[in-house]
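All remarks here apply to the structure that follows.
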C-alpha cells in the first residue's frame, strides 16, 4: 500500500456485529503502545464511519420497534 492507509470493507456492506467488532479492534490498536502514528488519522476516520453507521442502524431499529409496539397497543 503506497499511501499507508489500511483497506477496509465498505461499512454499508458490513453487519452490525462486524462493524462493532472492527471498531473494537481499531480502539485496541489506538490504545496500544504499538499504534502506528502514521495511520492514526486513518484509524480515527474509520472509527468515525463505523460509529455513524452503528448509530444510524440503532436509531432505525429503535424506530421500527416503536412502530411495531405501537401497533400492538391499538
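Every read-out reported here was derived from the displayed coordinates using simple, explicitly stated rules and does not represent laboratory data. Note that the structure is a prediction, hence the values are computed from the model and not measured. Every residue, glycine as well, gets a Cβ built from its backbone with ideal geometry; the counts of neighbours run over all protein chains shown.
Being surrounded by fewer than 12 Cβ atoms within 10 Å (Cβ to Cβ), touching a residue at least 12 places away in the same chain (Cβ under 8 Å) and not in a loop (DSSP other than H, G, I, E, B) is not true of residue 71.
May I ask you to verify whether residue 12 is within 11 Å of the chain's Cα centre (by Cα) and in contact (Cβ under 8 Å) with a residue 40 or more places away in the chain? Quick ask: steps written out before the conclusion?
Values: within 11 Å of the chain's Cα centre (by Cα): yes; in contact (Cβ under 8 Å) with a residue 40 or more places away in the chain: yes.
Criteria met by residue 12.
Within segment 7-44, work out how many residues are part of a loop (DSSP other than H, G, I, E, B) and surrounded by 10 or more Cβ atoms within 10 Å (Cβ to Cβ).
Taking segment 7-44 and keeping what is part of a loop (DSSP other than H, G, I, E, B), we get 7-10, 14-15, 32-36.
Cutting the leftovers down to surrounded by 10 or more Cβ atoms within 10 Å (Cβ to Cβ) gives us 8-9, 14, 35-36.
Counting residues in segment 7-44 that are part of a loop (DSSP other than H, G, I, E, B) and surrounded by 10 or more Cβ atoms within 10 Å (Cβ to Cβ) gives 5.
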